[in-house]
1. What's the FRET efficiency of residue 181 with residue 74 using the Cβ-Cβ distance as r and R₀ = 51 Å, to the nearest 0.05?
2. From a point 7 Å beyond the Cα of residue 262 in the direction of its Cβ, which residues of segment 271-292 have a backbone N at a distance under 20 Å?
3. Quote to one decimal, in nm, the extra length available between residue 47 and residue 415 on full extension: 0.36 nm per residue of separation minus the C-alpha distance between them.
4. Segment 321-451: D in µm²/s via Stokes-Einstein (Kirkwood Rh, Cα pairs, 4 °C, 1.567 mPa s)?
5. How big, on average over all directions, is the shadow cast by the Cα convex hull of segment 311-357, in nm²?
6. State log₁₀ I(q)/I(0) for segment 64-190 at q = 0.10 Å⁻¹ as given by the Debye formula over alpha-carbon point scatterers of equal weight, solvent excluded.
7. Within the set 74/97; 97/436; 122/319; 117/397, which residue pairs have Cα atoms separated by over 29 Å?
8. At a 10 angstrom cut-off on C-beta neighbours, averaged per residue, how do the peptides 427-435, 301-309 rank from highest to lowest?
Amino acid sequence: MTRLARTMRIVALAALLGTGTVATAPAGDAARQYFPLPTFRVGAYASSGIPVWAGTIDYLRYINEVEGGINGVKLFWDECETEWAVEKGVECYERVKGGRDGSPVPLFLPHGDPVSKALTEKSVADKIPLVTTGYGRTEAIDGRVFPYSFTVLFSFWSEASSAINYIAEQVGGKDRLKGLKIATVYHDSPYGKETQIPLDLLAKTYGFENIQIAVPHPGNDQSAQWARIRQIKPDWVFLRGWGVMTPVAIKTAAKTGFPVDHIIGGIWSGSEEDVRPAGSVGKGYRAITPFPAGQDFEILKKIKAAIVDKGLSDLKDPKSFGSVYYNSGVIEAIIAVEAIRTAQGRFGRKPIDGAQGQWGLEHLVLDEPRLKALGAEGLVQPLRLSVKDHEGGGAGKVLQWDGTQWAAVSHGWVKSDRDLLLPRIYERAAAYAREKGITPRGEETAEAIAR
């Protein structure tokens, strides 16, 4: 090839990339970005997982088909069945962490709170970020101690705080919380107990009575718990369930005479799959979530036109399009794609590895202009992550079930009391660091490692 021909090829490549900077363009499969997907299409929780993967895969296909990839780098993926089991989730991670066909892993979506905690130390050793949206270890918000764990969007502590703030809105302000009885009916597991510390702090701060009522897994019989509710007569119930526990709680509450519209479900008690089995008695039930339902978001309209209507969707049940779980998959994919795009801005328009993916996540900014450009305004809350803040948001929307679908009833995003919560979260992260012998890193250290 002559010098002129080489120069013309470089200029053409720069024009194709849409920038004056010429980035490395690897050949073959290495020019594509590998994106492993641990899924649970089999097992007790398959009905919850299937629409999530559909949302994620449909958005990734949209990026490939409509946008030609992320800055020209197309995505490819495969699935690894975990059945939502910790052992299989860890096996899946070990199987995919080395990448595929020469393309590295930019980040990993554990899709399970127990799996994410089991992988905390492994991810650091392997330099692969774990992205947990609406679940995961709360103290991992502190990236100085947990460099490769990202509790993005809405931690369980933020969930509890936002639920209390919504109740405050309903009763006329935080000063009106004093003297209220707020009962938390929770799944008797580490996940279910995750909000006990923040609720204790919030109760002491605002003066409400904090009542905790455990429900043994799986929650098929809650007659004793709701008999207690009837006896103590709380003003509101915060329901933190999973699986069958939620519809059983709604039906049992109705039987005992507790008003369903004074129950606020947590993130994993707030999907269509949670309320439909409850039947007509579920009407009026509310839930707080970072995953608002609906098909009217601009990006959903684009996905429908470019992917769903053309028969390219992973969605098997059309009724699930725009559902809480489908939209959660879209939101998760948007965050992952934008983190990769951010990393490409620093390291070049090429497949991104885990260390570079970490940098992309810690510099991810999804402000209102960017969300509007993505067509995700109202679907995704504004986010700004950093070394010290791996959550970046901390807000949710309250939805209410009208008998057939969810409708947003909160005034936009209900923010959590992060100024109150973060000091306690940082204390817990520091205690973890002492226990594990970890030296917390600073902003400068993170930048030096990235270089």
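The values are calculated or read from the model by the stated rules, or taken from the named source; none is laboratory data. Since the model is a prediction, treat every value here as computed from it, not as a measurement. Virtual Cβ from ideal backbone geometry, glycine too; neighbours counted across all protein chains shown. Keep in mind that these areas ignore ligands, DNA and RNA; they rest on the heavy atoms of the full protein, side chains included. Shrake-Rupley method; radii C 1.70, N 1.55, O 1.52, S 1.80 Å.
1. Values: r = 55 Å, r/R0 = 1.07.
Step by step, r from the Cβ atoms, then E = 0.40.
2. Only 281-288 pass the distance filter.
3. Values: separation 368, 0.36 × 368 = 132.48 nm, distance 2.98 nm.
Full extension from residue 47 to residue 415 adds 129.5 nm.
4. Numbers: Rh = 17.0 Å.
Using the Kirkwood radius from Cα pairs, D works out to 76 µm²/s.
5. Details: hull surface 17.4 nm².
Hull-based average projected area comes out at 4.4 nm².
6. -0.47
7. Values: 74/97 19 Å; 97/436 24 Å; 122/319 38 Å; 117/397 26 Å.
Beyond 29 Å between Cα atoms: 122/319.
8. Numbers: 427-435: 14.3, 301-309: 16.8.
Listed from highest to lowest mean packing, they are 301-309, 427-435.
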